Each structure stands twice: as C-alpha cells, then as structure tokens.
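One structure is given below, encoded as structure tokens.
The values are calculated or read from the model by the stated rules, or taken from the named source; none is laboratory data. In this text, all values refer to a predicted model and were calculated from it rather than measured experimentally. FYI the Cβ positions are ideal-geometry reconstructions off the backbone, even for glycines, and counts take in every protein chain you see. These area figures cover heavy atoms from the full protein model, side chains too; ligands, DNA and RNA do not enter into them. Shrake-Rupley method; radii C 1.70, N 1.55, O 1.52, S 1.80 Å.
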Amino acid sequence: MKLLIISTLFSFCATICCSAQVSFGVKLGGNVNGLLDRTSGSLVYSVNKEELHSGYGFHLGIYSRIGSGDLSFIPEIQYSKKNAGSYSYDLLEIPLMLNYKISKTVEIDGGVSVDYNFSNIPFDKKISFGGLVGLRFNVSNRVSIISRYIYGITSMRDVEYAVVNPPTNTTNLKSYWRTFQLGIGYKIK
C-alpha cells in the first residue's frame, strides 16, 4: 500500500513536470511532537519506564513547487529535531505533498512524509512513514506561513518489555510520531 501511494505520487509529479513551472524556496519553523502507543492510545514509555512527554523542536529545509494553476506538487527535504522525554531525535524528513489553492492567500496540502532517523538510539527504527495535512497562508508572493500535522503510519520503535502489573506479562510497544509543525517559507525563485 505504501509503495503504491509513493509510486502514484511520483507518477503524478513526472506528469506535472513535463508541462509545469518549477519554483524553489527555503523554510524553517518549530515542532511540537510526541510518541503515541497506538494499541493503548496512551503516551509512550521508554525501556526504563520514563514517560516520553510531548516535546519541542525545530525544522529547516528546502522545497520545490512543481506546477502552475490551482494544483501543484511540493516535494521537500528538511532536517527536523524532535524531543521526547530526555531523548532527542535527529531526522531527515522528505514530505511529498499535493497542494491545492483555495484562494490567492489560502492553500491546502496533503501527502506523505518519509522520515530517516539518524539518531543513535538503538531500539528505534531508521525509517518511518506518516500521512500529513496542512494549510499555507500566503502573506506575499514570496512569504508563506505553513502549518502541518503529521500522523505516523508506521511504527518508529518496537520494544518488548515487562509490564509492571501483572508482573509476568510482557508487551510489544509500538511508537508512532504525532507532530505539529508551524513555520515560514520563503520563495527564492
């Protein structure tokens, strides 16, 4: 399913690229993120039972807009720093989005994000996927305020540990990112 979504998105991009305008820009902003155990719906705990509270971080990167008119494709590449409890994560995120202009000042984004975790935390997976939705508010022809929510689709952590109550059970903890990003984009070309 994931491969089908990404293949469809790249095919759409190739179709648009043949007849569309291309622009580039930079972006930066802040993150509010957390890890959620989807099976229990509760906050995630680390191996030593430390609750991984929601944390703050930042992101910065570059983007391209491919297309003209109301519909366009926006691939990005960005560095993102996420914190959860006493853990700090360094991620390379690749959001791939379709963008639709609702009006001259408001646009909506939707797509997927492929994240590569290059932090040195041994029980975490290196690659995870998420779905995203967001809004863009165009302040001028060059400046946009970008808001986005990313919902983890694949687990970025699989940890098996003993449950305290009752003490004989074990559980496999699967952790999923939940991230809200708010930033500013500047169109260079």
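Side notes on the structure shown:
- Answer residue from segment 48-62, given it is modelled with pLDDT under 95 and open to solvent by less than 70 Å² (accessible area, probe 1.4 Å) and is farthest from Gly111 (Cα to Cα) among those: Glu50
- Close pairs (6 angstrom Cβ cut-off, 6 or more residues apart or separate chains): small (Gly, Ala, Ser) in segment 85-104, open to solvent by less than 30 Å² (accessible area, probe 1.4 Å) anywhere: Gly85/Leu52
- Filter pass, Ser128 being farther than 25 Å from Lys187 by Cα and open to solvent by less than 60 Å² (accessible area, probe 1.4 Å): yes
- In segment 63-108, of all residues being open to solvent by 60 Å² or more (accessible area, probe 1.4 Å) and small (Gly, Ala, Ser), the one that is farthest from the chain's Cα centre (by Cα) corresponds to Ser68.
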